[in-house]
1. Looking only at the stretch 381-404, count how many residues are touching a strand residue (DSSP E or B) at 6+ places or on another chain (Cβ under 6 Å) and assigned to a loop (DSSP other than H, G, I, E, B).
2. State which residue is farthest from the chain's Cα centre (by Cα) when the search covers only the stretch 463-486 and only residues that are of a type in the set (A, V, I, L, M) and open to solvent by 40 Å² or more (accessible area, probe 1.4 Å).
3. For the subset of the stretch 249-275 comprising residues that are of a type in the set (S, T, N, Q) and more than 18 Å from residue 301 (Cβ to Cβ), which member is modelled with the highest pLDDT?
4. Go through 508, 504 for me and flag whichever is touching a strand residue (DSSP E or B) at 6+ places or on another chain (Cβ under 6 Å), modelled with pLDDT under 80 and closer than 19 Å to residue 134 by Cα.
5. Within the stretch 487-525, which residues are buried (at least 23 other Cβ atoms within 10 Å of the Cβ) and either farther than 24 Å from residue 155 by Cα or hydroxyl-bearing (Ser, Thr, Tyr) (or both)?
6. Checking residue 246 against (1) in contact with an Asp or Glu (Cβ under 7 Å, 6 or more places away or on another chain); (2) modelled with pLDDT of 85 or more: exactly one of these is not met. Which one?
7. Output the number of the condition that residue 224 fails; it satisfies all remaining conditions of (1) buried (at least 24 other Cβ atoms within 10 Å of the Cβ); (2) assigned to a strand (DSSP E or B).
8. Report the residue count in the stretch 337-366 for those that are among the aliphatic types (A, V, I, L, M) and out of contact with any His (no Cβ under 8 Å at 6 or more places or on another chain).
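The values are calculated or read from the model by the stated rules, or taken from the named source; none is laboratory data. Note that the structure is predicted; figures quoted are calculated from it, not measured. Every residue, glycine as well, gets a Cβ built from its backbone with ideal geometry; the counts of neighbours run over all protein chains shown. Each accessible area value is taken on the protein alone, full model and side chains, heavy atoms only, with ligands, DNA and RNA left out. Shrake-Rupley method; radii C 1.70, N 1.55, O 1.52, S 1.80 Å.
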Amino acid sequence: NENNIASSQPRSPLAVVEEKWKPQLQRNNANNTSASGSVGNSAIPEKERQNIAERLLRVMCTDLGALSVVSGKEFIKLAQTLVDSGARYGAFSVTEILGNFNTLALKHLPRMYNQVKVKVTCALGSNACLGIGVTCHSQSVGPDSCYILTAYQVEGNHIKSYVLGIKGVDIRDTGDFIHHWVQNVLSEFVMSEIRTVYVTDCRVNSSAFSKAGMCLRCSACALNSVVQSVLNKRTLQARNMHEVIELLNVCEDLAGSTGLSKETFGSLEETSPPPCWNSVTDSLLLVHERYEQICEFYSRAKKMNLIQNLNKHLLSNLAAILAPVKQAVIELSNESRPTLQLVLPTYVKLEKLFTSKANDAGVVSKLCHLFLEALKENFKVHSAHKVAMILDPQQKLRPVPPYQHEEIIGKVCELINEVKESWAEETEFEPATKKPRATGEATAAQEEDWFGKNEVYDYLQEPLFQATPDLFQYWSCVTQKHTKLAKLAFWLLAVPAVGARSECVNMCEQALLIKRRRLLSPEDMNKLMFLKSNML
């Protein structure tokens, strides 16, 4: 028994206490296993239970955000650890033995950060696809805002995201400065040669990111800019569309009144739009959706003057134009499945909508012409969007007119040509075959096969899927048949169409709160948010 061996080394008081408690703990454990069923919750005296409840209420009153924390599994694990420590070493003063809890946690923050960082780096480094997707998107909370940098890749048949960094937005920050920050953070997690598709918001200068990879604009930000540019009150006033201005003002008054609320009339949709969608159309669509309930509400309150000033015909026409735009934003911001392949079909769908309404008479026709101009100016379609669309076996080339087919097929072959080094090693291990004669036709056929054109045409000749497929499951099944296209699919379809996620709002609120109260340094705050996002 090691306890009976004499030792000349001095032992700490904590070790002596531990030695005293170990045998007793073992005996208690043996007794408690048989008595645990009968003792149950009565093991703690009622007075002690009341004391613990009082301390919990004090914690909740200090910060109402702790309501969900004290019932979470991590808080219960902390409490259990403290109870176990007391059982091992006896009653002790927490402040004397452990010191300040914040100081203790921050002391071990770098160690935990490095542990999780190694796991994230290994996950991104083991990426078998051609590259990753990276979003750099700002999120505003009141007057302040911050950037969130997130990496995306396919793991198994699902898209996995990793929040790599958070940075407060400074007015003096330029697009080049943000680009340098993004590149510095990425260099800590991925190799410089990995191919990257960036998705940024309108604040970021895309030209700086285009040098490091393909840079796409957030689709929700783009559609938001389309609506904002058309329904801007200065623009409407300059074009003598005073009835539209009056309608927007009335809808804002109705939506902003105390009587019109989600609690009274319910929300518009089950799925909310992304945080970067901040459109003036929300109040208009809400009034149109709940028109009958609003009229009933104000008739009871005997305040029908607002309803009488509402142009119901114009409201219906505008809602018919704007509702599909908002629905497109919601579909593009879906976080549970790929969305990049929906960007080009969305553009085509909205272009057809605005064109069909442009032939109407009156104000609606003028608005639709403005929407068409704004769509072409703000909603840019990149070659990555075209390639992603063709990689959806339910769509392929169906959403676009026939005269664009060859152009899109050419974009696919160009992208295959750009990344062909990734599978060049695989061709070296293919069994040697008899070389054909160096005729012009044979050379052209080899070149087309090298660029993947034959593979693309073979894929396009297959029948379209009737039901919505699981895209990654589909490409996993046909990897041997369409090798080059499958590699493109596992890379591009992991890139989101929208750069902002629903969790960004809560994360930015916490980060900016820490910044305003100066609770942590910017470096520690970034590490803490990294742990919060990637530790579980």
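1. Within the stretch 381-404, the first condition is being touching a strand residue (DSSP E or B) at 6+ places or on another chain (Cβ under 6 Å), and the residues that meet it are 382, 384.
Of the ones still in play, those that are also assigned to a loop (DSSP other than H, G, I, E, B) are 382.
Number of matching residues: 1.
2. So in the stretch 463-486, the residues of a type in the set (A, V, I, L, M) come out as 464, 467, 471, 478, 485-486.
From the residues that got through so far, the ones that are open to solvent by 40 Å² or more (accessible area, probe 1.4 Å) too are 464, 467.
On the way: 464: 30, 467: 26 Å.
The qualifying residue farthest from the chain's Cα centre (by Cα) is 464.
3. So the first thing to find is which residues in the stretch 249-275 are of a type in the set (S, T, N, Q), and the list is 249, 257-258, 261, 264, 267, 271-272.
Next, from what is left, pick out any that are more than 18 Å from residue 301 (Cβ to Cβ): 249, 267, 271-272.
Values: 249: 88, 267: 49, 271: 63, 272: 75.
The extreme case among them is 249.
4. Details: 508 fails: modelled with pLDDT under 80.
After ruling out the rest, the residue left standing is 504.
5. 508, 511
6. (1)
7. For residue 224, the exception is condition (2).
8. Residues flagged as among the aliphatic types (A, V, I, L, M) and out of contact with any His (no Cβ under 8 Å at 6 or more places or on another chain) within the stretch 337-366 amount to 7.
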